[in-house]
Amino acid sequence: MSVKISPSLLAADFINLKNELERLEASKTDMLHFDVMDGIFVPNISFANPILKQIKESTNIPLDVHLMIDRPHRYIKDFAKYADFLGFHFEAGSDVKETLEEIRALGCKSCLTIKPKTKAEEIFEFLPLCDMVLVMSVEPGFGGQSFMPESLPKVTALSQEIQRLGLNTLVEIDGGINGETAPLAVKAGADVLVAGSYLFTTDMKDRMEYLRSL
Ligand code: DX5
Ligand code: ZN
């Protein structure tokens, strides 16, 4: 199975959002990564549900929502209306098991995310409740940062544990993914690559084809 690509909307040209969605569709993207930041869990504020709703109404691309918000259980119902994958942070102060169960009960695919300082082993017990896990390869909050290679052994540890348990959980990696770091992530066992600046700043289609060929 070839690696899936989830371009991060954070790097899009918002004045030309319709054109960006057409570019994503023409590139046959697997999904679209939507970063929600609240200025509390991370030191930056991005965009939220009203924009997600409009995007859902304008495209069939599956939406991969990455909540970087404090106590995310407060907003799961709102985002579940439009998300396909709905992910939140292990460190964000919600009951992890209950929140994962709620996401699935609302008909979304569940995703649990870990920051660079969180060990892979800390979320092993939750893997049976996860359709995807997301390993951050930068400190969450900003696009365009440098890739942290320390994230690679975590991708491998999660991928191996998922295999050992016989699960179908996908392993996604997010932050600093480009032509040099993507092959390392795929080699480590990543199933889904998030890429913002690398894909939106230039010819998306060519770069997406290159990432898929890895
Ligand atoms: C960072 C976000 C990322 C970001 C990735 O907190 O979660 O999804 O948009 O951007 P790049 O690919 O530019 O590092
Ligand atoms: Zn993200």
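Derivation of every value follows stated rules applied to the coordinates shown; laboratory data play no part. Because the structure is a prediction, the values reported are computed rather than measured. Counting neighbours? That spans all protein chains shown, and the Cβs are built from the backbone with ideal geometry, glycine included.
Note on Lys119 and Asp95: their simple-model spin labels are 2.6 nm apart, each label 7 Å out from Cα toward Cβ. Sorting Ile51, Ile162 from the fewest to the most surrounding beta carbons within 10 angstrom yields Ile51, Ile162. Taking GluC sites (Glu not before Pro) in DSSP loop conformation with at most 11 other Cβ atoms inside 10 Å as exposed sites, the chain has its longest uninterrupted site-free stretch at 1-149.
Between the stretch 60-101 and the stretch 158-192, how many Å separate their Cα centres? When both Cα centres are located, 20 Å separates them.
Between Ser27, Leu170, Thr181, the Cα set farthest toward the positive side of the dipole of the chain (charges on each charged residue's Cβ, about the Cα centre) is that of Ser27. Counted over the stretch 1-70, the DSSP beta bridges are approximately 10% antiparallel. Does the stretch 29-106 come out rounded, prolate or oblate by the C-alpha gyration tensor, with a ≥ b ≥ c the root eigenvalues, rounded set by a/c under 1.5 and, if not, prolate when a/b is larger than b/c and oblate if not? In terms of gyration-tensor shape, oblate.
Taking a straight line from the alpha carbon of Lys28, these lysines sit under 30 Å away, with near neighbours fewer than eight places off in the same chain left out: Lys4, Lys18, Lys53, Lys56, Lys77, Lys81, Lys109, Lys115, Lys154, Lys187, Lys205. Structural descriptor for the chain: relative contact order 22 percent, calculated from alpha carbon pairs under 8 angstrom and at least 6 residues apart.
Helix content alone sets the calculated 222 nm mean residue ellipticity of the chain: runs of n ≥ 4 DSSP H residues at -39500 (n - 2.57) each, divided across all residues, give -9500 deg cm²/dmol.
Charge tally around Asp13: other residues with Cβ under 15 Å, Lys/Arg +1 each, Asp/Glu -1 each, net -1.
With a ≥ b ≥ c taken as the square roots of the eigenvalues of the C-alpha gyration tensor of the stretch 56-96, please select rounded if a/c is under 1.5 and otherwise prolate if a/b is larger than b/c or oblate if it is not? Since a/c reaches 1.5 and a/b is larger than b/c, the shape of the stretch 56-96 is classed as prolate. Dipole magnitude for the stretch 32-173: computed about the Cα centre from +1 point charges on Lys and Arg Cβ and -1 point charges on Asp and Glu Cβ, it is near 160 debye.
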